[in-house]
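Structure first, commentary second.
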Amino acid sequence: MKRNIVIAAVTAAALIGGGTATALAAAGDDDGAAARKTDVRVTGDDDSARVASGTVTAADAIATALKEAPGTAVSAELDDDGDDDGPAQWKVRVLAGDDTWHKVRIDPASGKVLGSHTGREDDDDDIAEVRAALKGTSVTAAEAAAATASKGTVTDIDLDDDGRSKAWEVETHPSGKDDRDYRVDLNTGKVTADTDDDSHDDRGADDDGDDD
C-alpha cells in the first residue's frame with residue numbers, strides 16, 4: 001500500500017512539473033521480489049520508500065565499500081541524508097588500519113560508489129572500543145547482514161560495543177510489517193530478536209528470534 005502511494009506521488013509530481021515520470025518497476029506482490037529504481041527520489045523518513053528505492057543489499061554495499069576503502073566495516077545504513085528531495089544511498093563506515101575513518105556512499109540501485117570521505121576520529125577512545133569489541137571475533141558486518149536477510153530487507157547494521165553483550169545490531173524491514181531489530185553474536189553468528197525493541201511485542205509466532 002505504501003509503495004503504491006509513493007509511485008502515485010512520483011507520477012503526480014512529474015505530471016504537474018511537466019517532467020518525465022520516474023520509472024519504478026516492481027514485481028508483483030505474489031513473488032515478493034524487490035522493487036528496482038532508476039531515478040527514485042524519497043521523501044521523509046519512510047523506510048518502505050527507502051527499501052523500494054534500490055536492490056543493492058547491505059552485504060553488497062559493505063563489500064563495495066571495503067574495495068573502495070580497505071579496513072573493517074563498522075556500520076552500514078540505508079539513508080536519505082535528511083534531505084526530503086534527495087535520493088536514498090548506502091552509507092558504510094569503515095575503520096582503516098591506520099585508525100582513520102572512511103564513510104563510503106553507495107547508490108542502492110547501481111551499486112556504484114557515489115563518494116568517500118576520510119577523516120580521523122576526534123575521540124580515540126571510540127577507536128579503542130571498536131577494536132576491543134571486535135578483537136578475536138569471527139562474524140563480520142557483512143556476514144551479520146546476510147544472516148538476518150531472511151527476516152526482511154536489512155536497512156541498518158551497527159556495532160554495539162557497549163555493555164557485556166557485544167553484538168551486531170541489525171534493523172530489518174519485513175514486507176508489509178513494521179521494522180524489526182535483531183542482534184547477531186560476534187562469535188557464533190546466532191541471530192536473536194532485540195528484546196529492547198518495542199516492535200517485537202506483536203510479532204507472530206513464526207518470528208520469535210530463533211535461528212532459521
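Rule-based calculations on the coordinates, nothing more; no lab input. As the structure is a computational prediction, the values presented were derived from the model and not from experiment.
The Cα center of segment 128-172 and the Cα center of segment 89-110 differ in position by 16 Å. Relative to the current alpha-carbon distance between Ala128 and Thr100, full extension at 0.36 nm per residue lengthens the span by 8.9 nm.
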